[in-house]
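Participant: A single structure is presented below for examination.
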Amino acid sequence: MTVIIGKMNDLPLVRTDDKGGFFDAGTYGEVFLPRSQIPADLTAGSTLSVFCYLDDGRLTITAKRPRALLGELAKMQVRDVTPGAAYMEWGIRKDLLVPFREQKPVFEVGEYYVVYVDIDDEGRLFGTTKFNRYFTDFLPDNSDLKAGDRVDLMPVAKTPLGVRMVVNNSYFGMLPSHLALQNNVHYGVKLKGFIQSVRRDRKINICLYQGGQEGMDSAGGFILAKLREAGGHLPWCDRSSPEDIERNLGMSKGKFKKAIGTLYKKKQILLDDNGITLIPDQN
């Protein structure tokens, strides 16, 4: 049996006593888990998914899943800071250490930062905000990702061009600033989106709705949400300029017209020269 440090591992229960159970961790031997974390119906020979990490060089396990596993990102709060490191609230008993050299910017107690979980040569897990060594701005030529694919996103930074996203925990992509603002995108909060396009230089452009009928449904839902936020009326219609619609709703005029046409046919909105109005029983 091979135990992977920093990951959830299915370990078999060997035996129990009044305080808890002992699990077979292969070359690490038997590892103890308190009774409070063991299901009452777990019997010897059955497996339990546990997170495995080293604490002072000793293998430790917990049935609790941390905010991020090895190779993942998560937004965490700084619990404490020392001259050489910061300690992040990780969702388990042990804090995640972020060495000073891995902090950009320098961490402050109580603040939240998106960190990536890595492991050093001695098997110790640590956090870092230096993402460039793990993710690339360019989609590899052999990648299967293409325009229209649904992806997992993590907003990690604001740039002059927009919000930098980590796509499928593998690549960087860019979401335009106005779309991030209109869709209430928050730094460090995971969300779903779509590949809008892959540029000639293999950089990824991100959008939060899709083309085709599914995209129309998503755009329509977005418009309904905006109507509710605005109290039932939005000042854009067929006569609005494409630039005005793009700037305020983050979609092309063609997509906007198709979406409101569908909403009108479903009797969810009213259309006039002053904009679109939510039908009261939809509010």
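Just so it is clear, none of the values below were taken in a lab; they were calculated from the coordinates. Worth saying up front: this structure is predicted, and the values here are computed from it rather than measured. Every residue, glycine as well, gets a Cβ built from its backbone with ideal geometry; the counts of neighbours run over all protein chains shown.
Participant: Between a residue in the range 218-229 that is closer than 15 Å to Lys257 by Cα and any residue that is surrounded by fewer than 20 Cβ atoms within 10 Å (Cβ to Cβ), which pairs come within a Cβ distance under 6 Å, given they are 6 or more apart or on different chains?
Facilitator: As it stands, the answer is Gly220/Thr262, since those pairs meet every condition given.
Participant: Looking only at residues in the range 247-273 that are in contact (Cβ under 8 Å) with a residue 40 or more places away in the chain and surrounded by fewer than 18 Cβ atoms within 10 Å (Cβ to Cβ), which one is farthest from Phe222 (Cα to Cα)?
Facilitator: Top of the filtered list is Arg247.
Participant: While we're on this one: Given the conditions (1) part of a loop (DSSP other than H, G, I, E, B); (2) touching a Lys or Arg at 6+ places or on another chain (Cβ under 9 Å), which single one is not true for Asp144?
Facilitator: (2)
Participant: How about the range 151-184: which of its residues are without any contact (Cβ under 8 Å) to a residue 40 or more places away in the chain and among the polar types (S, T, N, Q)?
Facilitator: Thr159, Asn168, Ser170, Ser177, Asn184 - these are the residues of the range 151-184 that are without any contact (Cβ under 8 Å) to a residue 40 or more places away in the chain and among the polar types (S, T, N, Q).
Participant: Cβ-Cβ under 8 Å, sequence separation 6+ or interchain: first residue in the range 32-45 and closer than 15 Å to Arg65 by Cβ, partner in a loop (DSSP other than H, G, I, E, B) and not β-branched (Val, Ile, Thr). Which pairs?
Facilitator: Hits for this filter: Leu33/Ala63; Gln37/Ala63; Gln37/Lys64.
Participant: Something else now. Would you pick out the residues in the range 229-257 that are of a type outside the set (Lys, Arg) and part of a helix (DSSP H, G or I)? First the steps, then the outcome.
Facilitator: If we filter the range 229-257 for residues that are of a type outside the set (Lys, Arg), which is where we start, we get 229-238, 240-246, 248-252, 254, 256.
Those that are of a type outside the set (Lys, Arg) and part of a helix (DSSP H, G or I): Glu229, Pro242, Glu243, Asp244, Ile245, Glu246, Asn248, Leu249, Gly254, Phe256.
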